């Protein structure tokens, strides 16, 4: 990054400053103009090789990164743990070092263990972009979410953003809290008490267990799915009960005396945390988030890659 001290890796939002984020956004503005024009590619990273290491299943994030890399002209290697020597007991460092021996400059990694990217950054020379590590952080998702709010309203500062759903197991929620607060937004989390971390107040966020109250407060509602794959016990009676209390429907939106913006990081569980008519409505900027994700990831890769050229 060029703002403040250069940053070698993007391990989390916590390592960034407001000026770093603004530099990413301004760079993303240029790339969004590019990809919406007749020529959608640039050779900016043509001498850079990037390895996409996904130790967890992913569709949106992996495809978004791959497209961003190709639009920048980088060479890419795609790695999936399900078809690798990891299944045979190979360690993370051995796996990555074998890939780096092929002269890879940058690693985009998703891993189920919180802190895996930080651990790896201390043992290898390549630059690392965290594409999600366990329940810890997902920095590029937070950046594209904030970028989408900026695009919608002109600025993030002063906006009231509520994050609704499974806060306890969400890396998206934590990164969003850090990012939105850095940019001057007010943040609230909303969900069942069992899905709200005990010490969340220490992050300076408001807490509500009432969806209607949260919707009346906010300008933006970011809906999260229930992450059943990360849950080792029952946190609420049933999905039907959760949907009744915390599912966003058009009736609940129509009951408000104002317009609010609806976001979702995906994948959407229609009929659980959000109804189809809301997801597909004019209130929703979910597809804009997907589009902005490519531009923001292009910006991150470009700014990091410039340090190696």
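The values are calculated or read from the model by the stated rules, or taken from the named source; none is laboratory data. Just so it is clear, the structure is predicted and the values come from calculations on it, not from any experiment. Neighbour counts run over all protein chains shown; Cβ positions are idealised from the backbone, glycine included.
Side notes on the structure shown:
- With respect to being at pLDDT 95 or above, over 27 Å from residue 57 (Cβ atoms) and not assigned by TED's automatic domain parsing to the domain that holds residue 25, residue 154 fits the description.
- Residues of the range 47-65 that turn out to be modelled with pLDDT under 95 and more than 25 Å from residue 289 (Cα to Cα), as a count: 1
- Considering the range 66-140, the qualifying strands (runs of 3 or more DSSP E), each wholly inside and each with 2 or more residues that are modelled with pLDDT of 95 or more and under 20 Å from the mean Cα position of the chain (by Cα), run over 106-111, 127-133.
- For the range 97-120, a residue qualifies if it is surrounded by fewer than 20 Cβ atoms within 10 Å (Cβ to Cβ) and within 26 Å of residue 25 (Cα to Cα), and the qualifying residues are 115, 118.
For (1) in contact with a strand residue (DSSP E or B) (Cβ under 8 Å, 6 or more places away or on another chain); (2) surrounded by 14 or more Cβ atoms within 10 Å (Cβ to Cβ), each residue gets a yes or a no:
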| position | (1), (2) |
| --- | --- |
| 269 | no, yes |
| 274 | yes, yes |
| 277 | no, yes |
| 282 | no, no |
| 285 | yes, yes |
| 294 | no, yes |
| 299 | no, yes |
| 303 | no, yes |
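- Condition met for residue 244 (under 25 Å from residue 139 (Cα atoms), at pLDDT below 95 and surrounded by fewer than 20 Cβ atoms within 10 Å (Cβ to Cβ)): no
- Of residues in the range 5-53 being within 18 Å of the chain's Cα centre (by Cα) and assigned to a loop (DSSP other than H, G, I, E, B), the one farthest from residue 98 (Cα to Cα): 17
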